[in-house]
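Quick notes on the structure that follows.
Each reported figure results from applying straightforward, stated rules to the coordinates on display, with no laboratory input. No experiment lies behind these values; they were computed from the predicted model shown. Quick reminder, even Gly has a Cβ in these numbers, built from the backbone with ideal geometry, and neighbours come from all protein chains shown.
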Amino acid sequence: MPARASAPNHHGTHFLRSPAVAADLVRSSGVGRDDLVLDLGAGAGAITAPLAATGARVLAVERNARFVDRLSERFADTGNVRVIHADVRTVPLPRRPYRVVANIPFALSTALLRRLLQSPTTRMAGADLVVEWGFARRMTRPSPRDLETAWWASRFHLTLRQRVSRTCFTPPPTVDAAHLSIRPRPGVGPRVSASLWWLLGAAYSSPHRTVQALVADVSGLRRVRGALGAAGVGAGTPAAQVTVDQWAAIARNLAEAPVSWPALPRSLSRV
Ligand SMILES: C[S@@+](CC[C@H](N)C(=O)[O-])C[C@H]1O[C@@H](n2cnc3c(N)ncnc32)[C@H](O)[C@@H]1O
């Protein structure tokens, strides 16, 4: 039965009709039997099924009761799949490291990334998401236009893996989609996060200041020059032109300096 028959298309909901795209998404996620993986917005199970085949423990989250029934029936004999009838915006996230592989409702893309990436102590260990093409392009700009995306992209590698044609969905969206891969950057511990939080906050509130002047507010000039040199950033570069890769390198370098970074706010629900 086509998935379309069972659910109204609210919130940019487009079901994968291409098993090859689902298989490719799961394969490139690298998920294996030791992983805990969430399929957020599981629908009729287009991605749940290839995920289950990896042997990973799969949590299939779905809000629509009719899809929950179909999923429960389809995976009744699959011991490693648990179907959860819940809203992806509020379902409790695992406390142990977990992965996400999902074709998410396009309208919830920002809200979901916020849930997965905002906290400096998130246990999200990697995600492979089908998102709208334009959204993937915005998330993967070398210098994001907004502070929130910069906060995510400086702590995680956000990569546009490939375009997914609109013809791979039913009903087809008006634009193509993309496979967005998200992987934690190595070495981003509490000090690097605190350093990034301060640097990005300063950069996005004073985008025309030179990066040297901005960093010199918290560290001695010699150290600043060393950190900028190591990151390949010219001292006179305006803060707005520094890429997230460069911010990540600067923060890693400065995190070792005797700077007492202001504590991160307790709640980062929004930057
Ligand atoms: C884009 S479809 C993907 C379905 C399936 N994974 C696929 O690829 O064919 C998104 C699914 O998310 C569900 N959904 C929409 N909003 C949701 C929410 N807030 N919480 C949980 N599921 C939601 C829809 O019912 C739909 O089944």
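Length available on full extension from residue 72 to residue 160: 0.36 nm per residue minus the Cα-Cα distance, which gives 28.4 nm. Relative intensity of region 208-253 on a log10 scale, I(q)/I(0) at q = 0.18, 0.25 Å⁻¹, equals -0.41, -0.83, per a Debye sum over C-alpha point scatterers of equal strength in the absence of solvent. For the chain, a Gaussian network of Cα nodes joined below 10 Å ranks 226, 43, 201 by mean-square fluctuation, and the top entry is 226.
Helix content alone sets the calculated 222 nm mean residue ellipticity of the chain: runs of n ≥ 4 DSSP H residues at -39500 (n - 2.57) each, divided across all residues, give -10000 deg cm²/dmol. Taking every alpha-carbon pair in region 148-271 and binning the separations at 10 Å intervals from zero gives 13, 39, 26, 13, 8, 1 percent. For region 66-187, the percent of C-alpha pairs falling in each 10 Å distance bin, counted from 0 to the bin holding the largest distance, reads 12, 39, 35, 13, 1.
Quick check on the exposure proxy: order 62, 148, 256 from fewest to most C-beta atoms within 10 angstrom. All intermediate terms of the calculation are to be shown ahead of the outcome.
Numbers: 62 28, 148 18, 256 12.
Ordered from fewest to most neighbouring Cβ atoms within 10 Å, 62, 148, 256 come out as 256, 148, 62.
Counting only DSSP beta bridges with both residues in the chain, the antiparallel share comes to about 50 percent.
For 152, 247, what's the fewest-to-most ordering of other Cβ within 10 Å of each Cβ?
Numbers: 152 20, 247 25.
Starting with the residue having the fewest Cβ neighbours, the order is 152, 247.
I'd like the per residue volume of the convex hull spanned by the Cα atoms of region 6-117, given in cubic angstrom. Spell out each step's value before the answer.
On the way: hull volume 11.1 nm³, N = 112.
About 99 Å³ per residue, rounded to a whole number.
When Rg and the Kirkwood radius Rh are both evaluated on Cα atoms of region 176-226, their ratio Rg/Rh stands at 1.13. Across region 82-127, C-alpha contacts under 8 Å between residues 6 or more apart give a mean separation that, scaled by the residue count, equals a relative contact order of 52 percent.
Say the dipole of the chain comes from +1 at the beta carbon of Lys and Arg and -1 at that of Asp and Glu; which of 13, 255, 75 then lies farthest toward its positive end? Going by the charge dipole, the pick is 255. Take 27-36, 190-199, 132-141 and order them by the average number of nearby Cβ atoms within 10 Å per residue, most first; the result is 190-199, 132-141, 27-36. Considering only 237, 90, 110, the mean-square fluctuation computed in a Gaussian network model of the chain, springs between alpha carbons under 10 angstrom, is largest for 90. In percent, rounded to a whole number, the relative contact order of the chain is 17, using alpha-carbon pairs under 8 Å and six or more apart. Descending by average beta-carbon neighbour count within 10 Å, the peptides 163-169, 48-54 line up as 48-54, 163-169, the highest first.
Can you give me the relative contact order of region 132-263 as a percent, contacts being Cα pairs under 8 Å and 6 or more apart?
Working: 186 pairs, mean separation 36.0, N = 132.
Relative CO of region 132-263 lands at 27 percent.
By the Kirkwood approach, averaging reciprocal distances over each pair of separate Cα atoms, the chain gets a hydrodynamic radius of 19.7 Å.
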